[in-house]
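Enquirer: Would you mind keeping the following structure in view while I ask a few things?
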Amino acid sequence: MRKVLAILGSPRKGGNSETLAVSVLAGASSNGASTDTIRLQGMDLSGCIDCRKCWSRGSPCVIPDDMGKVHEKINWSDTIVFASPLYWYTWSALMKPVWDRFLPFLHDDAKWDLKGKKAILVATAGDDKPDAFEGISFSFKTSCELLGMDQTGTLLAYGVYEAGDASKGDWLARAEKLGRTL
Ligand SMILES: Cc1cc2nc3c(=O)[nH]c(=O)nc-3n(C[C@H](O)[C@H](O)[C@H](O)COP(=O)(O)O)c2cc1C
């Protein structure tokens, strides 16, 4: 059974990126996938400190914070939905440490890694033009390539600023359709 994890990178509970990610999961679930979410808001997550001690204590990272819980769920999944609001044309501050702390998965002695996992980008922006996503899309594409993840889809919802805006137009339908392909 396909295992799809949505990482929720907005501080807003029930906000736009979460709403769309949940619809992606609903679509995936209707297609027989097993789904899970992890909400980053409220977790203790630091950025990478570049100590170069990845895997030295058995786990991917030596920093004793909540990233171990994120890594556990990522290890369980075969598809990861990265759901982030666009903040200053890139990842939210909650999602950025998740990417920073993927450094262990480039390590030669990695005990497990992200190769072959499917990756989906769900991003939301107040701007009303799709080119607002150029920065986050480039980051997503090149980082997935480095880590060996397959970019399976993107949903870049623009013109959604207030919480609830993602329910307008056809964004929800598009999210569920994307989920059904998983
Ligand atoms: C700190 C901050 C920075 C933002 N930066 C951008 C931005 O660079 N471009 C943009 O289009 N919208 C920006 N927005 C608007 C959010 O991306 C938009 O409201 C989004 O739908 C929020 O998603 P959420 O409900 O999942 O948090 C910003 C919002 C905040 C709070």
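No lab work stands behind these numbers, since they all come straight from the coordinates. Quick caveat, the model's predicted, so the values are computed rather than measured. Cβ sites come from the backbone with ideal geometry, for glycine too, and all protein chains shown count toward neighbours.
Enquirer: Which of the lysines could be linked to residue 115 by a straight reach, that is with a Cα gap under 19 Å, when you skip same-chain ones fewer than 8 residues away?
Expert: Correct list for residue 115: 3, 73, 141.
Enquirer: Residue by residue through the range 170-180, what is 3J(HN,Hα) from phi via Karplus (6.51 cos²θ - 1.76 cosθ + 1.60, θ = phi - 60°)? Round to whole Hz and write x for glycine and proline.
Expert: Residue by residue, the range 170-180 yields 10, 4, 5, 5, 5, 5, 5, 4, 4, x, 5 Hz.
Enquirer: Oh, and also: For residue 111 and residue 141, FRET efficiency with R0 = 25 Å and r from the beta-carbon atoms, rounded to 0.05?
Expert: Once rounded, the FRET efficiency stands at 0.40.
Enquirer: Using the Cα gyration tensor of the range 136-182, with a ≥ b ≥ c the square roots of its eigenvalues, what is the shape: rounded (a/c below 1.5), prolate (a/b larger than b/c) or oblate (neither)?
Expert: It is oblate, given that a/c is not under 1.5 and a/b is not larger than b/c.
Enquirer: Specify the angular offset, from 0 to 90 degrees and rounded to the nearest 10, of the alpha carbon long axis of helix 67-76 from the longest principal axis of the alpha carbons in the chain.
Expert: The two axes meet at around 70 degrees.
Enquirer: By how many degrees, 0 to 90 and rounded to 10, does the Cα axis of helix 134-147 deviate from the longest principal axis of the chain?
Expert: For helix 134-147, the angle is close to 40 degrees.
Enquirer: From the phi of every residue in the range 109-126, what ³J(HN,Hα) in whole Hz does the Karplus formula 6.51 cos²θ - 1.76 cosθ + 1.60 yield, where θ is phi - 60° and glycine or proline is x?
Expert: Coupling constants for the range 109-126: 9, 4, 7, 8, 8, 9, 4, x, 6, 8, 10, 10, 9, 10, 10, 10, 9, x Hz.
Enquirer: To the nearest 10 degrees, how steep is helix 16-30 against the longest Cα principal axis of the chain, on a 0 to 90 scale?
Expert: It works out to around 80 degrees.
Enquirer: For a distance above 23 Å, tell me the whole-number percent of Cα pairs in the chain that qualify.
Expert: Above the 23 Å cut-off, the chain has 38 percent of its Cα pairs.
Enquirer: Please list, in order, the residues from the range 131-156 whose amide nitrogen is less than 16 Å from a point placed 7 Å along the Cα→Cβ vector of residue 89.
Expert: Inside the label zone: 131-140.
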